[in-house]
Structure formats: C-alpha cells, structure tokens
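Inspection log for the structure reproduced underneath, given as structure tokens.
Please treat every number below as a calculation from the coordinates, not as lab data. Since the model is a prediction, treat every value here as computed from it, not as a measurement. In this analysis, Cβ positions are derived from the backbone assuming ideal geometry, glycine residues included, and neighbour counts consider all displayed protein chains.
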Amino acid sequence: MKIRSKLVAFTLISCAFLCVTPAFASLQPELRGMKTESVSIDQAMNETLLQSPRAASLRMQLGIAKSARIRATELPNPSLMMDNGYKAEFTYRYGVSIPIEPPWKMALRLLAAKNQIRLADLQISKGLWALRGDIRRAYTQAIIAQEKFEMQNELTELYNKLLTSTQARLRQGDVAELDVYKAELAHQRALINRELASNQVIQTKRSLSILLGREYTAVYNIPKLPTFQLKAEKMDYLPDLETLLPELSNLMQKALENRLELKIVDQTIKTNGANLKVAYGNILQNPTIGVGSSVVNGPELQPGFTPGTKNVFRGFFFQGSIPIPIFSFQQGDISQFRAMIKQLKSEQETQKNIVNQEVVQAYQAVAMQRQRIQTFQQKALQRSSEIARLSQKSYEIGQSDISSVLIAQQANVEVRTEYLDAVNLYEIAYTDLEQATGSVLY
C-alpha cells in the first residue's frame, strides 16, 4: 500500500508538470520567433550600426570635431578706444584698435583642424568596430541559448516517452515501480532545466533587441544553428569549417595595416605635428593698429580777442604696436608637443606589440575550437545520439534496465552541451580574431 501511495503521488506530480507543457509550448513562438522575421548576423550588424543609439552617439562626435574648422577661421576682435585728456591736455581721441593676424596663422590652424577631424573619424570608426564585436557576441549568446533550449525541449520529450513506456511496462509487470520513479524524476528535472533554458533565451534575446535599437519585447527568429546535422554547412553566422584559416603571418600583416589603434596613434602624431606648427606660427604676436579722430584744443588766444576762445585742431591719428617675443615665445607648447610626438612614436611600437599578441592568441583559440568542433561533428555527436537512441530502444524491448537509458541520455546531453560550448568559444575567439586583425575574415 505504501508503494502504491507513493506511485500515485509521483503520478500526480508528473501530471502537474505535464499540465505545464501545453502552456509552455505556447511560449515557443516567443522563444523561437516562429512565423516572424528572421534576423541573420549580417542583418543584426547592419541594423545596429544604423539604428542603435550607441552608433548614433558615436557618429555625433564627428560634428563636434568639425567645429574645430570653424574655430580655426576665427579672427581677433577689434576694440573701441577713447582717449580723453580733459583740462590737462585738452586732447580727445576716438577710434578703433584692430589686431592684424598674419595669414599663415589661419592656414596652420586649418591644417591642425583637418588633422583633428581625421583623428575623430578614426576614433568613431574604432567605436563602431568595437560595437560590431559586441553585437556578434550578443548574437552568439542568443543563438547558443536558443539551441540549448531546443536541446532541453527535445530531452523533455524523450523523457516523457520514456516515462510513458515505463508506466506501460509496469502495468504489464515487466519492470519494478522504482523504474517509474526514476523516469518521473528524470522527466521533472528535464522540465526544470527547460524552464531555465527558456528564461535564458528570453534574457539573451531581450539584450540583443536593446543592442539592435528595438523594443526589448520584439519578437524575431534567429536561424537555427546546424548543430546536430553532423555536417558543417555554410551559413552567414558560422563560417565553413572546411575552409582553411589564413596563415598567421598574413593575419599579423593585415592587422598592422588595418588596426584602427595603430592608425589613431599615427594620426595623433600628425595632429600634434600640426599643432606644433601652430605654436611656431604663434611666436610672432599679432600687430595692432589704431585709427580714429583726434581733437586737440590749444591755449587761449592773445588778449584783444574774444574771451574764452581757444585754438581747435581737428585731424586723424594712426598708431601701431607689436609684442616682442622675449619672455614668452610659445616655449611651453613647443616643448609639450615635441614630447608628445616622441612619446607617441614609442606608443606605435607598443601598439604593434599588443596587436601581434592579440592576433596570435585569438588565432590559436580559433584553431583549437575549430578542431574541437570538427571532432564533435565527425565522431562524438553521431555516436552519442546513436547510443542514446539504441539504449532507449533496448529498454523498450526489455533488453536493458532504465539506469542504462538514463546514463546514456545524460551522456548525450553532456556531449551536446559541450559541443554548444565549443561553438560558443569558437565564435568568441573568431570575433576576437576579427577585432584583432581589424577586418572581416570571411
């Protein structure tokens, strides 16, 4: 009686979990995005660069940099001047003081502004290139989470079939009630893991949607990874593993040519060189000229003339001045720009060393994960799936016990999970290699 009551309790619990299955299945269109638009990795990248607020914010920096060109055309403002020598000199002057800037100063500032704009453009490109890496990593997380959910969903269905078979064999008296308990426990664990996997899919897809610039509740489909087709099919997300990787030396040379960090350092040297020329041009200060009206009141006339009458002389005045560069001749700016250029030339070698190291590390990681994936596809996946299938069939016809089935299914799940982890690591390494070389590999 105790065993029968336990069996009834386990059956009720199993039914409670099974009742969740129809409602859970209704969530699959949201999880997979069935019958909705399909978003490929290329489309995701293009959409992010066009619609993402992060990309828009990066592009706005170019407008800030272009303001340097307007600033370079600014000229010194003239000044109003007044000189009133009331009662002491009886001299009155009214006019304007105009600084005269040599034309080469504006030309040098425009050259510096042009270099500054180029530098900003490279920095924007660097930000967009890094954003491309972020979207690829987010897409990878979403597609791996989706595949793990599909795996857990398939495993749940298999355990459900196993439970049904075990209950049928129990009614026929072929197995003990303990087998039913084991099948129910395996099925319940599969339901829990499937629920966790579904939450992971929702989390990664919402994160990807936000990165795309969409609403976080957007529903769309991510193409299924050809994970268990036992063949490396070509698709725009997973490169064809049958294609050989380029030589490491070629990738290192490509990185030295394309890495934006190196181009930014080179452009920064040019920008500081232009600023150094501006500093040299500013050694000679702007001369200033003043022009205006001049009124001079002379002394009173000799006795016999009308009292209070004075001689009044009206005319114009012209004056000029220029600062002499004795104490300040831009020595501070000149010294600073020279030191910065010297440091940046050293930074070039440092960046080249870092780039080479990143390329080597990413290349080795890609090569290792490629080999791992090929091994799974050619041997482990097929063998593991076949063992799990034969084990369950053997149990159904009474040639093995349920423990063998559960062990085989668990081993199959572990192999498939390791394969998905290998794909994930491969895509991360591949993204790092693209980022390290500064160019698209395929």
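Per 5 Å bin from zero, what fraction in whole % of the C-alpha pairs of the stretch 129-192 is there, up to the bin with the longest pair?
The calculated distribution, bin by bin, is 4, 18, 16, 13, 11, 8, 8, 6, 6, 4, 3, 2, 1, 0.
Can you tell me which aspartates and glutamates have their Cα less than 17 Å from the Cα of residue 148? Leave out same-chain residues fewer than eight positions away.
Within the straight-line cut-off, residue 148 pairs with 30, 157, 195, 414, 418, 421, 427.
Please compare each pair in 277/342; 224/254; 161/379; 224/393 to a cut-off of 23 Å on the Cα-Cα distance and tell me which ones are over it. Could the numbers behind the result be given before it?
Values: 277/342 15 Å; 224/254 32 Å; 161/379 27 Å; 224/393 28 Å.
With Cα atoms farther than 23 Å apart: 224/254; 161/379; 224/393.
Report the far tail of the P(r) of the stretch 154-228, meaning the percent of Cα-Cα pairs longer than 17 Å. Each step should come with its number before you reach the end.
On the way: 1676 of 2775 pairs.
Cα-Cα pairs in the stretch 154-228 separated by more than 17 Å: 60 percent.
Taking the simple approach of a point 7 Å from Cα along Cα-to-Cβ for both residue 343 and residue 134, what is their distance in nm?
2.8 nm
Ranked from highest to lowest mean number of other Cβ atoms within 10 Å per residue, what is the order of the peptides 264-272, 311-319? It would help to have the intermediate numbers written out before the result.
Numbers: 264-272: 19.9, 311-319: 10.8.
By packing density, highest mean first, the sequence is 264-272, 311-319.
Take peptides 419-428, 274-283 and line them up by average Cβ neighbours within 10 Å, highest first, as a rough protection proxy. Kindly include the intermediate steps, with their values, before the conclusion.
Details: 419-428: 20.1, 274-283: 18.5.
The most tightly packed comes first, giving 419-428, 274-283.
Going through the stretch 244-286, which GluC sites (Glu not before Pro) have at most 11 other Cβ atoms within 10 Å and a DSSP loop state?
On the way: sites: 247, 257, 261; in loops: 247.
Qualifying residues, ordered by number: 247.
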